[in-house]
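Nothing in this text is a laboratory measurement; each read-out follows from the coordinates by a stated rule. Being a predicted model, the structure only gives us computed values, none of them experimental. Neighbour counts are summed over all protein chains in view; Cβ atoms, including those assigned to glycine, are modelled from backbone coordinates with ideal geometry.
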Amino acid sequence: MENLKSLSLICNIFIVVATISMSIGHCRVLQPSDAQLVAKTCKNTPYPSACLQFLQADPRSSSADVTGLALIMVDVIQAKTNGVLNKISQLLKGGGDKPALNSCQGRYNAILKADIPQATQALKTGNPKFAEDGVADAGVEANTCESGFSSGKSPLTSENNGMHIATEVARAIIRNLL
């Protein structure tokens, strides 16, 4: 009888341990392998280290799928756009190539008012091709801004290059959805 109680106790302990182990293992299967998804996604972009920097800086990336990662990158583009517009406003107050700065201001306003909403809406509605188009246009606007300075010396080179990198990373991520 004593052996039967010991065997019963051991079996119960084993069942409890097995149930807990299976539950933990099962949860891991259901949880996305977030760090791996970010790393794998960034590896397939033209700027993997910049991609990792952008995505790891946003806490949403820890639970995002590829669409979520693309939306984070659209937010990065929006933040960069706002930063450039602020710098343009400061430069316009201080002088400089006003026609080129005004042109850049118009281009970055177009990114903010048209390209970013287009990309965001397209990603949210499952239309990645239109999202890619919006992000690509943002890159074109930044490049056109850069080339618009007659002296060849743009005070926005760093910002325009940063925008180029962000848009190329975003495009590469969005292409995973096509």
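With a ≥ b ≥ c the root eigenvalues of the C-alpha gyration tensor of the range 54-171, is it rounded (a/c under 1.5), prolate (a/b larger than b/c) or oblate?
Since a/c reaches 1.5 and a/b is larger than b/c, the shape of the range 54-171 is classed as prolate.
Which length gain, in nm to one decimal place, applies between residue 144 and residue 82 when the Cα-Cα distance is subtracted from 0.36 nm times their residue separation? Let's see the in-between values first.
Working: separation 62, 0.36 × 62 = 22.32 nm, distance 1.73 nm.
Once the chain is fully extended between residue 144 and residue 82, it gains 20.6 nm.
So, with +1 on the Cβ of K and R and -1 on the Cβ of D and E, and no other charges, what is the size of the charge dipole of the range 34-175 about its Cα centre, to the nearest 20 debye?
Details: 14 positive and 13 negative charges, 31 e Å.
Charge dipole, the range 34-175, about its Cα centre: 140 debye, nearest 20.
Highest mean first, how do 78-85, 148-155 rank when packing is the count of other Cβ atoms within 10 Å averaged over residues? Intermediate results must be reported in sequence, preceding the final value.
On the way: 78-85: 18.2, 148-155: 12.9.
The packing order, highest mean first, is 78-85, 148-155.
To the nearest 0.05, what FRET efficiency results for residue 53 and residue 103 with a Förster distance of 25 Å applied to their C-beta separation? Mind showing how you got there, number by number?
Working: r = 30 Å, r/R0 = 1.18.
Result of the calculation: an efficiency of 0.25.
Can you give the FRET efficiency to the nearest 0.05 for residue 89 and residue 39, using r as the Cβ-Cβ distance and R₀ = 30 Å?
Working from the Cβ atoms, E equals 0.20.
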